[in-house]
Amino acid sequence: MTLKVELKPGERIIVGTALIRNGESRTRFHIEGEAPILREKDILTPATADSPGKKIYLAVQLMYLTGDLSGHNEFYFPLVQDFLKAAPSALPLIAEINSRILAGDLYKALKAVKQLIAYEQELIAHATGGERVYQGSASDTHAP
Amino acid sequence: MSDITLSRGVRQNLLSLQKTAEQQSATQMRLATGRKVNSALDNPTNFFVSEGLKSRASDLSRLLDAMGLAVKTLEAADTGITGLKKLVETAQAVARQAKLTSDPTARAAYAAQFDALRTQIDDLAKDSGYNGVNLIKGSPNNLTVVFNEQSTTQLTVNGAALDTAGLGIAASANNWAADADIDAALTNLDAATLKLRTQASTFGANLTVIKNRQEFTNGMILSLTTGADGLVLADQNEEGANLLALNTRQQLSQTALSLAAQADQAVLRLFG
């Protein structure tokens, strides 16, 4: 299957084990084959993975980029168990991520972790308060 | 005394630690005031979700049993191959010794030994199954391992005939009267050794894949069973605070540090 990619000037993308940085103009190209592909906006590093959910994302991202599940015992499951202990209501989201990984579809697993991160931000927003709780948050739709 | 040097990973973690501490004091303030928000999922919903996830855990346990059987089957085949390699080596030694003598009677005796080893090879290949599945006998079985409940992900391990017919080890010819007869046997044995080695590494790779999935499924079942009970009692007001507390604890945890170290080795280090 061909993947169509368009990069902004200077934008970066990981293809397989290489990092590609775009030059000064917009570029459009096609990628064929099985290599893992991650756009700059989808990449987290140890520095930017600064919440429990983002750390899970980083762990799955590593599995995706290396094509190797073997880090799961060392990082992934400890992080997942910690998360579940702190926020049991995230279990359905985590079950979805696990299923994707088990099926070997790590790209979809990453998409699923994004939902977990969004949910995490929502929970933290509830806890840290501010006006956001009453505005536009999906979880408050059935409030009186 | 020398200065303490902090690695890049630790420095980054310290920075986010400071940030989290600020967030957390805000949370504690908020919890202390007792202002609660409505939870997104009310408890009856959580109860049914929790039951559904528990039954998934038991589905996964069944898959896990099948994976365990597959591992045993591959291990049986691998043990068989190790034994076969030794038998082939012994056969090679017999053939080389036969070449050292020109006495036809002695050669005939070596040839008989060689044929006896062939029988042992066939017997061993026949006995290398587990639970009725044998990956290396003549007309071998294949092994299919299902990895998820929907059976959309699976691995098929193709068997390979590793008896004397499959390995191409012919019976001794002419009681090994001529050198050429022995050389033919040695050529066959070399090819057989190569085939055994290749097949062992193919099975080894399959075994790694299955063991990885097996461990992963174990972790999955654990998170489903431990998580399902907590889900019923989940209070989202506390969860936000819990997550912030967890974030603080994680900054300097061994898991986070080794995750960072791992990331620095991969292509991610280029993102610096």
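Things to note:
- Per-residue mean of foreign Cβ neighbours for B:151-164 is 1 (Cβ atoms of other chains, 10 Å radius).
- Semi-axes of the equivalent ellipsoid for the protein assembly as shown, computed as √(5λ) from the eigenvalues of its C-alpha gyration tensor and ordered from largest down, come to 58, 25, 19 Å.
- For the residues of B:216-224, the average number of beta carbons from a partner chain within 10 Å of their own beta carbon is 6.
- Two-site FRET efficiency, B:A116 against B:T198, from Cβ-Cβ distance with R₀ of 22 Å, rounded to 0.05: 0.25
- Sorting the segments B:208-216, B:54-62 by their residues' average number of neighbouring beta-carbon atoms within 10 angstrom, most packed first, yields B:208-216, B:54-62.
- Cβ-Cβ distance of A:K4 and B:D59, R₀ of 45 Å, FRET efficiency by 1/(1 + (r/R0)^6): the value works out to about 0.75.
- Solvent-accessible surface of the stretch B:62-226, averaged per residue with a 1.4 angstrom probe and all protein chains in place: 47 square angstrom.
- Summed over both chains, the area buried between A and B is near 5400 Å², taken from the accessible surface of protein heavy atoms with a 1.4 Å probe.
- A helix-only calculation puts the protein assembly as shown at -21500 deg cm²/dmol for mean residue ellipticity at 222 nm, using -39500 (n - 2.57) for each DSSP H run of at least four residues, averaged over all residues.
- A:H30 accessible area, 1.4 Å probe, all protein chains in place, Å² to nearest 10: 120
- Averaged over the residues of A:50-63, the number of partner chain Cβ atoms lying within 10 Å of the residue Cβ comes to 4.
- Note on the stretch B:62-226: lysine pairs with Cα distance below 26 Å, sequence gap of 8 or more or different chains, count 22.
- Angle in degrees between helix A:91-102 and the longest Cα principal axis of chain A, rounded to the nearest 10: 20
- Highest-fluctuation residue, A:G67, A:G129, A:G16 considered, GNM on chain A with Cα pairs under 10 Å: A:G129
- Formal net charge of residues neighbouring B:K211 (Cβ-Cβ distance under 12 Å; K, R +1; D, E -1): 0
- The protein assembly as shown, accessible surface, carbon-and-sulfur percent (1.4 angstrom probe): 53
- If you count Lys pairs in the stretch A:1-99 whose Cα atoms are under 27 Å apart, skipping same-chain pairs closer than 8 places in sequence, the total is 8.
- Spatially, the stretch A:38-101 and the stretch B:208-265 are offset by 8 Å when compared through their Cα centroids.
- In this rough spin-label picture, where each label sits 7 Å from Cα along the Cβ direction, the A:A18-A:D105 distance is 2.9 nm.
The values are calculated or read from the model by the stated rules, or taken from the named source; none is laboratory data. Remember, it's a predicted structure, so these values are computed and weren't measured experimentally. FYI the Cβ positions are ideal-geometry reconstructions off the backbone, even for glycines, and counts take in every protein chain you see. Areas reflect the complete protein model, heavy atoms only, side chains present, ligands, DNA and RNA absent. Shrake-Rupley method; radii C 1.70, N 1.55, O 1.52, S 1.80 Å.
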